[in-house]
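Let me begin by presenting the structure, written as structure tokens, before commenting on it.
The values are calculated or read from the model by the stated rules, or taken from the named source; none is laboratory data. All values derive from a computational prediction rather than experimental measurement. As a convention, Cβ positions derive from the backbone with ideal geometry for all residues, glycine included, and neighbour counts pool all protein chains shown. We work out accessible area using only protein heavy atoms, side chains counted, and drop any ligands, DNA or RNA first. Shrake-Rupley method; radii C 1.70, N 1.55, O 1.52, S 1.80 Å.
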Amino acid sequence: DDSDFGAMLFDDTGQAIYMFDIETTSGPQCYDDCAVAWPPVFTDAEPVAGDGTDPALLGTTERADGRLQVTYNDHPLYFYAHEGKREVLCHDVFLNGGNWYVVQPEGDPAPPG
């Protein structure tokens, strides 16, 4: 959907979806306090692409606890715990050791704001 940062990914409830720039592979590095602030996007089954997203870019990665985290273009996906629906408060914000960016439908981070 559209945002102040251009087209970006939201979940089906309107929650903004982020990627963490220090994760250069599909292996998640956000755990413990990081994962409290940035809850992973979990799934119990194959994720389903919404309108405007590329189903070929959707995937999953297994976290240390065995749960499946959704990936997009091989980036593990996260929410920000302190945002409401349709809010984007943390694009291009440095927290937990790296920068957080909203994800564009093409699978790349949106440009810094």
Requested in this report: State whether one or more residues within region 48-61 are at pLDDT below 95 and either among the basic types (Lys, Arg) or at positive phi (or both).
Outcome: yes
Requested in this report: Give me a count of the residues in region 92-107 that are part of a loop (DSSP other than H, G, I, E, B) and over 11 Å from the mean Cα position of the chain (by Cα).
Outcome: 5
Requested in this report: Please list, ordered by first then second residue, the pairs with beta carbon atoms under 7 Å, 6 or more apart or interchain, first in region 56-69 and in contact (Cβ under 8 Å) with a residue 12 or more places away in the chain and farther than 15 Å from ALA35 by Cα, second of a type in the set (A, V, I, L, M, F, W, C) and outside any strand (DSSP E or B).
Outcome: LEU58/ALA49
**Report entry** Filtered residues of region 22-39 (kept if without any contact (Cβ under 8 Å) to a residue 40 or more places away in the chain and either exposed (fewer than 11 other Cβ atoms within 10 Å of the Cβ) or within 15 Å of ASP12 (Cα to Cα) (or both))
**Finding:** THR24, ASP32
Query raised in the report: How about region 66-85: which of its residues are on the phi > 0 side of the Ramachandran plot and either of a type in the set (Ser, Thr, Tyr) or loosely packed, with under 12 Cβ neighbours inside 10 Å (or both)?
Result: GLY66
Query raised in the report: Looking at ALA45, is it outside any loop (DSSP other than H, G, I, E, B) and either in contact (Cβ under 8 Å) with a residue 12 or more places away in the chain or of a type in the set (Gly, Ala, Ser) (or both)?
Result: no
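Specify the residue that is modelled with the lowest pLDDT; the eligible residues are those in region 94-112 that are over 20 Å from LEU58 (Cα atoms) and open to solvent by 40 Å² or more (accessible area, probe 1.4 Å).
Per the criteria, the residue is PRO112.
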Query raised in the report: Within region 50-65, how many residues turn out to be open to solvent by less than 40 Å² (accessible area, probe 1.4 Å) and either part of a strand (DSSP E or B) or out of contact with any strand residue (DSSP E or B) (no Cβ under 8 Å at 6 or more places or on another chain) (or both)?
Result: 3
